[in-house]
Amino acid sequence: MNNDNLPKNRTLTLQRIFDAPLEIVWAAWTQPEHIANWWGPKGMETTVLEHNFEVGGSWKYAMKMPDGNEFIADGVYSEIVHHQKIVSSANFKPMTENVEIHSIFESDGEKTKFTFHCVHETEEYCKQQEQMGFYNGWGSVFERLNEFLQNT
């Protein structure tokens, strides 16, 4: 049996411990007025165009780069477990399309353990995305989230 296309071979993962209670991290991730403050790598300005936070609901964010160029990020929620897990399709056109993101939240006292999985269609596409800077890009996003949480 060929194991090349198993989810674990098509997934890139980041983990963080945020120095904020689960309820605050969850709100930052799920409420559009908060998302606009941290979504996207450093230097980007995000506008929430659509945010229907329910299973089957869609989200769409415009992300403006420092040079004025803009791109759209969008997806559809497929699973939401309150204070635990959010699963969504995601497109970050033109860089990344047809991925699934899994955001896992775990309370650890006054801190929150956060795990982010990005599942790609193929192992080859996953490797390509990693080489294009997945860890730096998403690392920057979650650093912005951390800064936002510290100032909330």
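The values are calculated or read from the model by the stated rules, or taken from the named source; none is laboratory data. What you see is a predicted model; the values in this text were computed from it and never measured. Positions of Cβ are generated from backbone atoms using ideal geometry, with glycine treated the same way; all protein chains shown enter the neighbour counts.
Residue count for the stretch 48-77 under the criterion of being within 15 Å of the chain's Cα centre (by Cα) and not charged (D, E, K, R): the result is 13. Just one of the numbered conditions (1) modelled with pLDDT of 90 or more; (2) closer than 30 Å to Glu124 by Cα is not true of Ala20: (2). Can you find a residue that is out of contact with any Cys (no Cβ under 9 Å at 6 or more places or on another chain), farther than 17 Å from Ile35 by Cβ and in contact (Cβ under 8 Å) with a residue 40 or more places away in the chain anywhere in the stretch 88-107? Within the stretch 88-107 (the criterion being out of contact with any Cys (no Cβ under 9 Å at 6 or more places or on another chain), farther than 17 Å from Ile35 by Cβ and in contact (Cβ under 8 Å) with a residue 40 or more places away in the chain), the answer is yes, since at least one residue qualifies.
Of all residues in the stretch 28-49, those satisfying the criterion of being part of a strand (DSSP E or B) and under 22 Å from Val76 (Cβ atoms) are Thr46, Thr47, Val48, Leu49. Name the residues in the stretch 11-47 that are of a type in the set (A, V, I, L, M), touching a residue at least 12 places away in the same chain (Cβ under 8 Å) and out of contact with any Lys or Arg (no Cβ under 8 Å at 6 or more places or on another chain), would you? Across the stretch 11-47, the qualifying residues are Leu12, Leu14, Leu22, Ile24, Val25, Ala28, Ile35, Ala36. Among the residues making up the stretch 58-84, those that are more than 20 Å from Glu33 (Cα to Cα) and not hydrophobic (A, V, I, L, M, F, W, C) are Pro66, Asp67, Gly68, Asn69, Ser78, Glu79, Gln84. Evaluating Glu54 against the criteria (1) part of a loop (DSSP other than H, G, I, E, B); (2) buried (at least 16 other Cβ atoms within 10 Å of the Cβ); (3) at pLDDT 95 or above leaves one unmet condition, (2). Of all residues in the stretch 63-79, exactly one satisfies the criterion of being exposed (fewer than 12 other Cβ atoms within 10 Å of the Cβ) and of a type in the set (Gly, Ala, Ser), namely Gly68. Starting from residues that are of a type in the set (Asp, Glu) and without any contact (Cβ under 8 Å) to a residue 12 or more places away in the chain, keep the ones in the stretch 61-87 and report whichever is farthest from Gly40 (Cα to Cα). The extreme case among them is Asp67. Considering the stretch 58-152, the qualifying strands (runs of 3 or more DSSP E), each wholly inside and each with 3 or more residues that are within 23 Å of Arg10 (Cα to Cα), run over 70-81, 85-92, 96-108, 111-119. Does Asn91 satisfy being loosely packed, with under 13 Cβ neighbours inside 10 Å and not aromatic (Phe, Trp, Tyr)? No: the conditions fail for Asn91.
Name the single residue, out of those in the stretch 2-17 being modelled with pLDDT under 95 and more than 16 Å from His102 (Cβ to Cβ), that is surrounded by the most Cβ atoms within 10 Å (Cβ to Cβ). Residue satisfying both the conditions and the ranking: Asn5.
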